[in-house]
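Student: Input: one structure, supplied below.
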Ligand code: GLC
């Protein structure tokens, strides 16, 4: 194997590495600048005029107490899988039982036809109920929390008008429409005994599920295929809801949809690669922040860098090699980057093998070093930018000491993501160095409870409770809550 020592990276490649470092490094001053702008944009999203961050009110109007009970279904239509769960919130405080089935979302559904999507979802639900309860036609209707993790306008908790598809979805005839009737029509056709109690976002679910077991939890985040957060606002601080005359201190969970932060490209340090990602995506001009952070895009940013260094630079990488496999858009996902960052060997032999088996490319030693550094830069930038969002919400709310519940494949699986994010938070918020490494940070981002399962069930339970108490704000179909 032609692996050189990294000390002797040829000058030209060392220059390329330096150049990439310049483009992808976000220093403390920039992090702070982004955070300040972010905080203003959060405010703007809550205003009557609105801004690019949607800041969607969700009609989730309380934190759980831990004493919620009952059995609920939860359906999670995320970016990658479809999951159906049955959750029982038990009599014991903050405890639950869960059974679940996962179904792979066929890739072609994401850019296919709306009817096919709803039929597929109804089929999965039908199959789940049949497996776990027997004949669906003999059952009473079960309350269901539907986790629909896309930006949706909700005048009511049991409706959701899709603002726009994100995460690479592109299905005609759904944007601008309330998805609940489409979903309900499909389950009615299939004879699935369900009544929808709440349409929720995965971040809101994460917030509520995490707060169920830890009352210090104030923000719910997803760092996965997409990237977003939710937190609890006071109705009095939501000017765009002023016409509803809700008591100012009533809580209202806000699904920020912060993936849309800086769609107008004012502060984020975009590289030419980010520009290409955006231009070639189904929704150019949208989700500027998400496209620099989320799992869907990390591998693609990396791929674009390598192709560029092969095609357009004086000393091309992978010279005289066939890079046709590398030319395929979205052929590398973020687990490819994870694997590179996790390669334990000094000579990066695992990375070499990965390139050989997956791409038919045999990188030499210096190229391997460039590959590793590029992965590190992209992963580090994602983690550091993510921290700006958390810092912005914390600053807006005046949180100086709290927990943030986070979920998603990037948060859970991408190497060093947590530590890099924590380091960036420390820089943004000017925390002194820790005395003891075991000491908690003032704001800790921790692994969340299952938001789209337990969180959806809890939100269904909280909504049922609210209706029972006669608090009918944001309820479109009270009859479904009997
Ligand atoms: C995208 C969606 C958002 C979701 C996030 C994480 O940003 O627009 O609704 O919360 O991905 O799944």
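Every read-out reported here was derived from the displayed coordinates using simple, explicitly stated rules and does not represent laboratory data. Computed from a prediction, not measured in an experiment: that's the story for all the values here. No Cβ is skipped: glycine too gets one built from the backbone with ideal geometry, and neighbour counts run over all protein chains shown.
Student: Would you mind getting me the FRET efficiency between residue 401 and residue 446? Use the beta-carbon distance for r and R0 = 22 Å, nearest 0.05.
Tutor: On the way: r = 14 Å, r/R0 = 0.62.
Calculated value: 0.95.
Student: Place a point 7 Å from the Cα of residue 214 along the Cα-to-Cβ direction; which residues of the stretch 452-482 have their backbone N under 18 Å from it?
Tutor: Those under the cut-off are 452-456.
Student: Moving on. Taking square-rooted eigenvalues a ≥ b ≥ c of the alpha carbon gyration tensor, is the stretch 183-287 rounded, prolate or oblate, where a/c under 1.5 means rounded and, failing that, a/b exceeding b/c means prolate?
Tutor: Since a/c reaches 1.5 but b/c is at least a/b, the shape of the stretch 183-287 is classed as oblate.
Student: Once the principal axes of the Cα atoms of the chain are found, what is the range along each, listed largest first in whole angstroms?
Tutor: 72, 50, 42
Student: Which FRET efficiency, nearest 0.05, do residue 276 and residue 433 yield, Cβ-Cβ r, R0 56 Å?
Tutor: The calculated FRET efficiency here is 0.90.
Student: Quick one, can you get me the convex hull of the C-alpha atoms of the stretch 144-223 expressed as volume per residue in Å³? Mind showing how you got there, number by number?
Tutor: Numbers: hull volume 9.1 nm³, N = 80.
So the per-residue Cα hull volume is 114 Å³.
Student: May I ask for log10 I(q)/I(0) of the stretch 358-482 at q = 0.14, 0.16, 0.19, 0.20 Å⁻¹, from a Debye sum over the Cα atoms as equal point scatterers with solvent left out?
Tutor: Normalising to I(0) and taking log10 leaves -0.82, -0.92, -1.06, -1.11.
Student: Tell me the mean residue ellipticity at 222 nm calculated for the chain from its helices only (DSSP H runs of n ≥ 4, each -39500 (n - 2.57), averaged over every residue, nearest 500).
Tutor: Details: 14 runs with 190 residues, N = 482.
Mean residue ellipticity, 222 nm, calculated: -12500 deg cm²/dmol.
Student: Which percent, nearest 5, of DSSP beta bridges in the chain are antiparallel?
Tutor: Details: 32 of 53 bridges.
Of those bridges, close to 60 percent are antiparallel.
Student: Count the DSSP beta bridges whose two residues both fall in the stretch 108-255, then state the antiparallel fraction as a percent rounded to the nearest 5. Walk me through the numbers on the way to the answer.
Tutor: Numbers: 13 of 19 bridges.
The answer is about 70 percent antiparallel.
Student: Also, I was wondering about something else. With a point put 7 Å past each Cα toward its Cβ, work out how far residue 107 is from residue 81 in nm, to one decimal.
Tutor: Label-label distance for residue 107 and residue 81, simple model: 1.9 nm.
Student: What is the list of residues in the stretch 444-465 whose amide nitrogen lies under 16 Å from a point 7 angstrom out from the Cα of residue 100, following Cα to Cβ?
Tutor: 447-460
Student: Compute the length gained on full extension between residue 131 and residue 237: take 0.36 nm times their separation in residues and subtract their Cα-Cα distance, giving the result in nm to one decimal. Show your work: numbers first, answer last.
Tutor: Working: separation 106, 0.36 × 106 = 38.16 nm, distance 4.60 nm.
Going from the current span to full extension adds 33.6 nm.
Student: Right, next: Using alpha carbon coordinates only, what is the Rg to Rh ratio of the stretch 253-347, with Rh defined as the Kirkwood radius?
Tutor: Values: Rg = 15.5 Å, Rh = 15.0 Å.
On the Cα set of the stretch 253-347, Rg over Rh gives 1.04.
Student: What FRET efficiency would be calculated for the residue pair residue 471, residue 188, taking the C-beta separation as r and a Förster radius of 30 Å, to the nearest 0.05? Display every interim value, and only then the final one.
Tutor: On the way: r = 28 Å, r/R0 = 0.94.
So the FRET efficiency works out to roughly 0.60.
Student: So, by mean Cβ neighbours within 10 angstrom, what's the order for 103-112, 455-464, 330-339 with the highest one leading? List each step's numbers first, then the result.
Tutor: Details: 103-112: 13.9, 455-464: 28.6, 330-339: 19.1.
Those peptides, ordered most packed to least, come out 455-464, 330-339, 103-112.
Student: I've got another one for you. Can you pull the Kirkwood radius for the stretch 82-226, inverse mean 1/r over Cα pairs, to one decimal in Å?
Tutor: Details: mean 1/r = 0.0606 Å⁻¹.
For the stretch 82-226, inverting the mean 1/r across all distinct Cα pairs yields 16.5 Å.
Student: I've got another one for you. Measuring from label point to label point, each 7 Å out along Cα→Cβ, what is the residue 356 to residue 479 span in nm?
Tutor: Going from the residue 356 label point to the residue 479 one covers 6.7 nm.
Student: Let me ask another. Once the convex hull of the alpha carbons of the stretch 329-376 is built, what does its volume come to per residue, in cubic angstrom? Intermediate values should be presented prior to the final figure.
Tutor: Numbers: hull volume 3.4 nm³, N = 48.
Here the figure is 72 Å³ per residue.
Student: Taking square-rooted eigenvalues a ≥ b ≥ c of the alpha carbon gyration tensor, is the stretch 22-71 rounded, prolate or oblate, where a/c under 1.5 means rounded and, failing that, a/b exceeding b/c means prolate? Mind dumping the intermediate values first?
Tutor: Values: a/c = 3.62, a/b = 1.84, b/c = 1.97.
The shape class here is oblate.
Student: What is the P(r) of the stretch 80-120, as percent of Cα-Cα pairs per 5 Å bin from 0?
Tutor: Binned Cα distances yield the sequence 6, 19, 19, 15, 11, 11, 9, 7, 3.
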